[in-house]
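Laboratory data are not the source of any read-out in this text; all were calculated from the coordinates shown. Note that this is a predicted model, so its numbers are computed, not measured. Positions of Cβ are generated from backbone atoms using ideal geometry, with glycine treated the same way; all protein chains shown enter the neighbour counts.
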Amino acid sequence: MDPLTLLLLITLIGRCAGADILPDGPVDATLGSDVVLKTLLTNPEYAFMIWSFSDGTDQVNIATQGQTALKVNSRYESRVSVNATDGYLTLRKLTREDNGDYSLTVVSADGTTSTGEINLDILQPVSDVLISSDVSEAVEHNSTVVLTCTAKGSYLKFAWLNGNLPLVADNKRITLKNADTSSTLTVTGILRSDLTGPVYCTATNNLQKEKSAPFNLTVHYGPDGVTISPTDTPRYVRAKSNFNLSCSAPSSSPAASFTWFHGEKQMEATGPVLTLEVIQKLGLGKKVEAFSCKAENAKTRRVIASSAVSFAVMDAISGVKLTGPGSTLVAGNSSTNLSCKATAGTVATTTWLKDGAPLSASGGRLVFSEDKSSLKIQPLQKEDGGEYKCQLTNPVSSEHDSFRLVVNFGPEPAAVQGKDAVEVNDPVTLTCSAQSVPPASYTWKLNGTLTAVKTAEYVIEKASFKNSGTYTCEAHNAVTGQNSTYSHTLAVKEEGDLDGLSDGAIAGIVIAILVALAAAIGLTFYCRQKVPVESPY
């Protein structure tokens, strides 16, 4: 079925779901370039995604993305692709005919549709931005300067920059006249502050911004706009870091010279940069103090001061050490203390973590000292074992150390896994387990008699009838001295006896064997008691 016919049928009989599937437009693109029309979809469930184009008169199907294939209109062959995951449409080698409205319809498996529309504008690139002047030099108050900026491109907007600052017309001394492809700046009775330069002209449309080559007009002025950076200095600066202050006066011709001040007192420092090393050598910065600079123009003899910045110099935290117990700890019987300290720096905040999660006082067992430099745990539980981390911070640094706390416990109740019944010559593996720190050691008994097996696994390569009986596993923790046992019954049967038997039948056989075994043992003891024993005396 033709995609447009499919879309029409869906519109007539389907159910529409109101949803924002395309962002607000328009989208601007350069003639001859590629563009991607993005969607607001994230892994949509769909039967079809249909992209269409309209130039204001006719609507043309571009492409239809199904679950398994993409169908592209021959008009767009080799120029179009659709992302099957998010519905993004890529158009390549844009022409003027691509200017217009694009719509996306998403059809779900149940016939529900969502439709969005976005506009694409094709623009001619911005180029050849040039400034020309009617004079090469100007004298303050005496000269009138006319600068003309020309450029090529679509829907151009012009702006003038004086250095890095926008040049704004006051429509008195300074006027601007804009045309489609040019802009004229006229400055009457030029002042040193009018064109401190270099002067730039920018031509812009919705896609591009091009800047002219710099234009410089020699006018003696300044200094103006004296600034100190960074202006948003932190309240505390890390000692011995590469921090410095820079003073600048971009509006000065010739260039200004600089001096530095601590409060109202001039410092033994000159030049545009004041380093932290110099500040510390002069013994300054021990408390929050103000620093500023002054710029002087040797030609105009004008001196301008910057605004002040305030900060103090602080030592970074170093040598953090988290210490803990060196003795053996047993859950339920022991308590412990952890201590965290730094060899240098002022600690503002102490944060404790266990196994990566924040740690806080809990249930009276976990108690922090007032300054949080130590942690007491009493009594210890098995859950207290793990990695503890102490993080010390101040405004300029953060350091940490870790300590692994071992809490011995167990063994927890033991358990044995393995078969209850096997046939003669079958292999048998019984596995004993019990949670324990340190790991438990294991011994096995068969019918109450200690065996030579001392591992978690009791392995019988080929079962025989003598292997039937009760297997008892004992887990032992050498540190806590505690034991835990578990008994498991194994029955060895004739070959073929277990074929097709239900679990209930197997259980019955095992019980019968045990009953018979008990009867035999009882009879043996009874007979021994009845046999007369001759006295040796």
If N is the number of residues in the chain, what value comes out of its Cα radius of gyration divided by 2.2 N^0.38 Å? 1.84
Descending semi-axes in whole angstrom, ellipsoid equivalent of the stretch 3-123, from the Cα gyration tensor: 23, 14, 14
Taking θ = phi - 60°, what integer Hz values does the Karplus form 6.51 cos²θ - 1.76 cosθ + 1.60 yield along the stretch 66-81, in sequence order, with x for Gly and Pro? x, 5, 10, 8, 10, 10, 10, 4, 4, 5, 10, 3, 6, 10, 10, 9
If only Cα atoms are counted, what is the Rg of the stretch 333-461, and what is its Dmax, in Å? 23.2, 75
What are the radius of gyration and Dmax of the stretch 395-453, computed over its Cα atoms and given in Å? 21.2, 75
Pairs 93/157; 38/157; 286/389; 321/382; 445/466: which are spaced more than 22 Å apart, C-alpha to C-alpha? 93/157; 38/157; 286/389; 321/382
Nearest-ten-degree value, helix 3-13 long axis tilted from longest Cα axis of the chain: 70
Using a 10 Å cut-off on Cβ atoms, rank the peptides 168-178, 247-257 from the highest mean neighbour count down. 247-257, 168-178
Selected from 471, 95, 332, residue furthest toward positive end of dipole (the chain; charges at beta carbon): 332
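Taking the mean number of other Cβ atoms within 10 Å as a proxy for protection, how do you rank 75-83, 485-493 from highest to lowest?
My ranking of the peptides, most packed first, is 485-493, 75-83.
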Cα-based Rg of the stretch 321-405 per 2.2 N^0.38 Å, rounded to two decimals? 1.08
For residue 328 and residue 241 in one chain, what is 0.36 nm times their gap in residues minus the Cα-Cα distance, to one decimal in nm? 27.0 nm
A correct Karplus calculation of ³J(HN,Hα) over the stretch 296-309, with 6.51 cos²θ - 1.76 cosθ + 1.60, θ = phi - 60°, whole Hz and x for Gly and Pro, returns 10, 9, 5, 7, 8, 6, 8, 10, 10, 9, 7, 6, 8, 10
DSSP-loop trypsin sites (Lys or Arg not before Pro) across the stretch 213-293, with at most 12 other Cβ within 10 angstrom: 235, 240, 286, 287
